[in-house]
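The values are calculated or read from the model by the stated rules, or taken from the named source; none is laboratory data. Being a predicted model, the structure only gives us computed values, none of them experimental. Cβ atoms come from the backbone with ideal geometry, glycine included; neighbour counts cover every protein chain shown. Ligands, DNA and RNA are stripped out before the accessible areas are found, and what is left, the full protein with its side chains, is counted by its heavy atoms. Shrake-Rupley method; radii C 1.70, N 1.55, O 1.52, S 1.80 Å.
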Amino acid sequence: MPLRWKYESVVTAFLQNQLPPPEIPEITVLGRSNVGKSSLINRLVGQKIARSSGTPGKTRSINFFRLAGKHPFYLVDLPGYGYSAVSQETRQGWKRLVDAYTARSATVLHLHLVDFRHGFLKADQQLREWLAHQEAPTVTVFTKADKISKGKWKTLLASYYKGQEPAFVTSAESGAGVDELRLFLEDYVDRSLASDGPEEE
Ligand SMILES: Nc1nc2c(ncn2[C@@H]2O[C@H](COP(=O)(O)OP(=O)(O)O)[C@@H](O)[C@H]2O)c(=O)[nH]1
Ligand SMILES: [Mg+2]
(Lines give C-alpha, C1' and ligand atoms only; values in the text may rest on other atoms or scores of the structure.)
(Ligands and ions follow the chains in the order given, each with its own letter.)
Protein backbone atom coordinates (compact mmCIF):
# COMPACT_ATOMS: atom_id res chain seq x y z
CA MET A 1 0.00 0.00 0.00
CA PRO A 2 1.49 3.34 -0.96
CA LEU A 3 1.59 6.04 1.68
CA ARG A 4 -1.48 8.32 1.79
CA TRP A 5 -1.94 11.77 3.28
CA LYS A 6 -5.15 12.99 4.80
CA TYR A 7 -6.27 16.40 3.53
CA GLU A 8 -7.41 18.49 6.50
CA SER A 9 -8.00 22.08 5.38
CA VAL A 10 -6.81 25.00 3.29
CA VAL A 11 -5.78 28.52 4.25
CA THR A 12 -5.69 31.13 1.48
CA ALA A 13 -3.60 34.24 2.13
CA PHE A 14 -3.94 37.35 -0.01
CA LEU A 15 -2.48 39.58 2.72
CA GLN A 16 0.24 39.21 5.33
CA ASN A 17 -2.19 39.03 8.24
CA GLN A 18 -3.87 36.02 6.61
CA LEU A 19 -0.73 33.88 6.75
CA PRO A 20 -1.16 30.96 9.18
CA PRO A 21 1.06 30.96 12.28
CA PRO A 22 4.31 29.03 11.72
CA GLU A 23 3.40 26.03 13.86
CA ILE A 24 3.96 23.04 11.61
CA PRO A 25 6.56 22.29 8.89
CA GLU A 26 5.88 23.80 5.48
CA ILE A 27 7.02 22.51 2.10
CA THR A 28 6.80 25.11 -0.64
CA VAL A 29 5.91 24.23 -4.22
CA LEU A 30 7.28 26.85 -6.62
CA GLY A 31 7.95 27.33 -10.28
CA ARG A 32 6.78 29.18 -13.39
CA SER A 33 3.06 29.53 -14.04
CA ASN A 34 1.76 26.49 -15.85
CA VAL A 35 4.69 24.29 -14.85
CA GLY A 36 2.24 22.00 -13.04
CA LYS A 37 2.29 23.08 -9.37
CA SER A 38 -1.43 22.65 -8.70
CA SER A 39 -1.62 19.41 -10.70
CA LEU A 40 1.28 17.86 -8.80
CA ILE A 41 -0.22 18.86 -5.43
CA ASN A 42 -3.51 17.24 -6.45
CA ARG A 43 -1.73 14.09 -7.56
CA LEU A 44 0.37 13.90 -4.38
CA VAL A 45 -2.75 14.18 -2.24
CA GLY A 46 -4.96 12.07 -4.52
CA GLN A 47 -7.69 14.70 -4.42
CA LYS A 48 -8.52 17.83 -6.41
CA ILE A 49 -7.67 20.38 -3.73
CA ALA A 50 -5.64 22.91 -5.77
CA ARG A 51 -7.25 24.60 -8.72
CA SER A 52 -5.40 24.00 -11.94
CA SER A 53 -5.99 26.40 -14.79
CA GLY A 54 -4.66 26.93 -18.27
CA THR A 55 -4.47 30.69 -17.68
CA PRO A 56 -1.01 31.60 -16.39
CA GLY A 57 -0.30 34.22 -13.76
CA LYS A 58 -3.84 34.51 -12.39
CA THR A 59 -3.14 33.62 -8.79
CA ARG A 60 -2.33 36.40 -6.34
CA SER A 61 -2.57 34.33 -3.20
CA ILE A 62 -0.61 31.71 -1.31
CA ASN A 63 -2.51 28.52 -0.60
CA PHE A 64 -1.61 26.42 2.43
CA PHE A 65 -2.92 22.86 2.22
CA ARG A 66 -2.86 21.25 5.63
CA LEU A 67 -2.12 17.55 5.28
CA ALA A 68 -1.56 14.80 7.77
CA GLY A 69 0.80 11.91 7.30
CA LYS A 70 2.53 10.74 10.43
CA HIS A 71 2.59 14.45 11.41
CA PRO A 72 0.63 17.44 10.13
CA PHE A 73 2.36 19.80 7.68
CA TYR A 74 1.52 22.34 5.00
CA LEU A 75 2.09 21.92 1.30
CA VAL A 76 2.26 25.52 0.09
CA ASP A 77 1.29 26.50 -3.45
CA LEU A 78 3.41 29.57 -4.19
CA PRO A 79 2.74 30.90 -7.68
CA GLY A 80 5.42 32.46 -9.92
CA TYR A 81 7.69 34.68 -7.87
CA GLY A 82 8.37 38.11 -9.37
CA TYR A 83 8.13 37.25 -13.03
CA SER A 84 4.46 37.56 -13.85
CA ALA A 85 3.37 40.24 -16.28
CA VAL A 86 1.50 42.39 -13.82
CA SER A 87 1.55 46.04 -12.89
CA GLN A 88 4.40 47.37 -10.76
CA GLU A 89 1.92 47.97 -7.96
CA THR A 90 0.63 44.39 -7.96
CA ARG A 91 4.16 43.04 -8.09
CA GLN A 92 5.18 45.11 -5.05
CA GLY A 93 2.22 43.77 -3.10
CA TRP A 94 3.06 40.23 -4.11
CA LYS A 95 6.71 40.65 -3.13
CA ARG A 96 5.68 41.95 0.29
CA LEU A 97 3.44 38.93 0.81
CA VAL A 98 6.16 36.46 -0.24
CA ASP A 99 8.76 38.21 1.95
CA ALA A 100 6.37 38.04 4.91
CA TYR A 101 5.79 34.37 4.13
CA THR A 102 9.49 33.43 4.14
CA ALA A 103 10.25 35.60 7.19
CA ARG A 104 8.10 33.23 9.28
CA SER A 105 10.85 30.59 8.89
CA ALA A 106 8.45 27.66 8.86
CA THR A 107 9.64 26.32 5.51
CA VAL A 108 11.69 23.15 5.79
CA LEU A 109 12.05 22.50 2.06
CA HIS A 110 11.44 24.20 -1.28
CA LEU A 111 10.35 22.16 -4.28
CA HIS A 112 11.39 23.88 -7.49
CA LEU A 113 9.21 22.53 -10.28
CA VAL A 114 10.79 22.54 -13.74
CA ASP A 115 9.15 21.40 -16.98
CA PHE A 116 11.00 18.26 -18.06
CA ARG A 117 10.62 19.22 -21.73
CA HIS A 118 12.35 22.57 -21.34
CA GLY A 119 14.76 22.27 -18.42
CA PHE A 120 15.88 25.43 -16.63
CA LEU A 121 14.58 28.51 -18.43
CA LYS A 122 15.51 32.09 -17.64
CA ALA A 123 12.68 32.37 -15.12
CA ASP A 124 13.99 29.21 -13.43
CA GLN A 125 17.49 30.69 -13.18
CA GLN A 126 16.00 33.77 -11.51
CA LEU A 127 14.08 31.58 -9.12
CA ARG A 128 17.25 29.61 -8.29
CA GLU A 129 19.02 32.84 -7.39
CA TRP A 130 16.19 33.70 -5.04
CA LEU A 131 16.20 30.17 -3.60
CA ALA A 132 19.95 30.33 -2.98
CA HIS A 133 19.26 33.13 -0.48
CA GLN A 134 16.59 31.17 1.38
CA GLU A 135 17.24 29.30 4.58
CA ALA A 136 15.60 26.02 3.59
CA PRO A 137 17.19 23.74 0.97
CA THR A 138 15.76 23.18 -2.50
CA VAL A 139 14.96 19.96 -4.32
CA THR A 140 14.25 20.01 -8.06
CA VAL A 141 11.12 18.26 -9.29
CA PHE A 142 10.76 17.85 -13.04
CA THR A 143 7.15 17.84 -14.24
CA LYS A 144 5.15 16.61 -17.26
CA ALA A 145 7.50 13.66 -17.82
CA ASP A 146 4.67 11.88 -19.67
CA LYS A 147 5.43 14.23 -22.60
CA ILE A 148 8.87 12.60 -23.02
CA SER A 149 9.33 8.94 -23.92
CA LYS A 150 10.75 7.00 -21.03
CA GLY A 151 13.83 5.83 -22.93
CA LYS A 152 15.05 9.44 -23.02
CA TRP A 153 14.57 10.27 -19.33
CA LYS A 154 18.01 9.30 -18.08
CA THR A 155 19.98 11.23 -20.70
CA LEU A 156 17.71 14.25 -20.42
CA LEU A 157 17.96 14.33 -16.64
CA ALA A 158 21.76 14.13 -16.84
CA SER A 159 21.84 16.97 -19.36
CA TYR A 160 19.87 19.32 -17.10
CA TYR A 161 20.91 18.39 -13.69
CA LYS A 162 24.33 18.44 -12.10
CA GLY A 163 23.22 18.96 -8.51
CA GLN A 164 24.11 16.77 -5.56
CA GLU A 165 20.72 16.76 -3.85
CA PRO A 166 17.98 14.44 -5.10
CA ALA A 167 15.92 15.38 -8.15
CA PHE A 168 12.59 13.80 -9.04
CA VAL A 169 11.10 13.16 -12.46
CA THR A 170 7.32 13.21 -12.19
CA SER A 171 4.06 13.30 -14.10
CA ALA A 172 0.79 14.46 -12.58
CA GLU A 173 -0.86 12.90 -15.62
CA SER A 174 0.51 9.34 -15.39
CA GLY A 175 1.53 9.44 -11.72
CA ALA A 176 5.13 8.53 -12.53
CA GLY A 177 7.54 9.40 -9.73
CA VAL A 178 4.77 10.67 -7.47
CA ASP A 179 4.82 7.84 -4.90
CA GLU A 180 8.59 8.24 -4.55
CA LEU A 181 8.26 11.99 -4.05
CA ARG A 182 5.51 11.53 -1.45
CA LEU A 183 7.66 9.11 0.55
CA PHE A 184 10.62 11.47 0.37
CA LEU A 185 8.51 14.40 1.62
CA GLU A 186 6.93 12.37 4.41
CA ASP A 187 10.38 11.35 5.57
CA TYR A 188 11.60 14.93 5.26
CA VAL A 189 8.82 16.25 7.52
CA ASP A 190 9.59 13.50 10.05
CA ARG A 191 13.26 14.30 10.15
CA SER A 192 12.72 18.06 10.34
CA LEU A 193 10.59 17.55 13.46
CA ALA A 194 13.09 15.14 14.99
CA SER A 195 15.97 17.59 14.53
CA ASP A 196 13.86 20.38 16.07
CA GLY A 197 13.03 18.44 19.18
CA PRO A 198 15.00 18.10 22.41
CA GLU A 199 18.36 16.37 22.07
CA GLU A 200 18.53 12.88 23.51
CA GLU A 201 21.58 11.21 24.97
N1 LIG B 1 0.71 16.27 -19.87
C2 LIG B 1 0.74 16.81 -18.66
N3 LIG B 1 0.13 18.00 -18.43
C4 LIG B 1 0.21 18.54 -17.20
C5 LIG B 1 0.89 17.89 -16.14
N6 LIG B 1 0.81 18.67 -15.04
C7 LIG B 1 0.08 19.75 -15.40
N8 LIG B 1 -0.29 19.69 -16.70
C9 LIG B 1 -1.09 20.69 -17.43
O10 LIG B 1 -0.39 21.93 -17.44
C11 LIG B 1 -1.29 23.02 -17.24
C12 LIG B 1 -0.89 23.85 -16.04
O13 LIG B 1 -0.99 23.04 -14.88
P14 LIG B 1 -1.15 23.69 -13.42
O15 LIG B 1 -1.09 22.57 -12.45
O16 LIG B 1 -2.35 24.57 -13.37
O17 LIG B 1 0.17 24.59 -13.33
P18 LIG B 1 0.53 25.73 -12.27
O19 LIG B 1 0.21 27.03 -12.91
O20 LIG B 1 2.01 25.58 -12.06
O21 LIG B 1 -0.24 25.45 -11.03
C22 LIG B 1 -2.68 22.41 -17.12
O23 LIG B 1 -3.31 22.47 -18.39
C24 LIG B 1 -2.41 20.97 -16.72
O25 LIG B 1 -3.40 20.08 -17.14
C26 LIG B 1 1.52 16.61 -16.41
O27 LIG B 1 2.16 15.98 -15.57
N28 LIG B 1 1.41 16.14 -17.69
MG1 LIG C 1 -1.52 26.68 -9.91
- Go through the residues of segment 118-139 one by one and say whether even a single one is open to solvent by less than 20 Å² (accessible area, probe 1.4 Å), modelled with pLDDT of 95 or more and within 14 Å of ligand 2 (Cβ to nearest atom). no
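Could you say which residue among Lys48, Lys95 is in a loop (DSSP other than H, G, I, E, B) and either open to solvent by 60 Å² or more (accessible area, probe 1.4 Å) or at pLDDT 75 or above (or both)?
Lys48
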- Please tell me if His110 is within 16 Å of ligand 1 (Cβ to nearest atom) and under 14 Å from Pro25 (Cβ atoms). yes
- Within segment 10-36, the residues that are within 9 Å of ligand 2 (Cβ to nearest atom) and open to solvent by 20 Å² or more (accessible area, probe 1.4 Å) are Ser33, Asn34
- Residues in segment 156-166: is at least one among the hydroxyl-bearing types (Ser, Thr, Tyr) and either closer than 25 Å to Ala68 by Cα or modelled with pLDDT of 95 or more (or both)? no
- Verdict on Gln125 being within 15 Å of Leu30 (Cβ to Cβ) and assigned to a loop (DSSP other than H, G, I, E, B): no
- Qualifying residues in segment 128-145 (those that are out of contact with any His (no Cβ under 8 Å at 6 or more places or on another chain) and not in a strand (DSSP E or B)) - the one farthest from Thr28 (Cα to Cα): Ala145
- Note on the structure: Result of the Cβ filter at 6 Å on segment 113-124, keeping first residues that are farther than 12 Å from Val141 by Cα and partners that are open to solvent by 40 Å² or more (accessible area, probe 1.4 Å), at least 6 apart or interchain, is Arg117/Lys147; Ala123/Arg32; Ala123/Tyr83
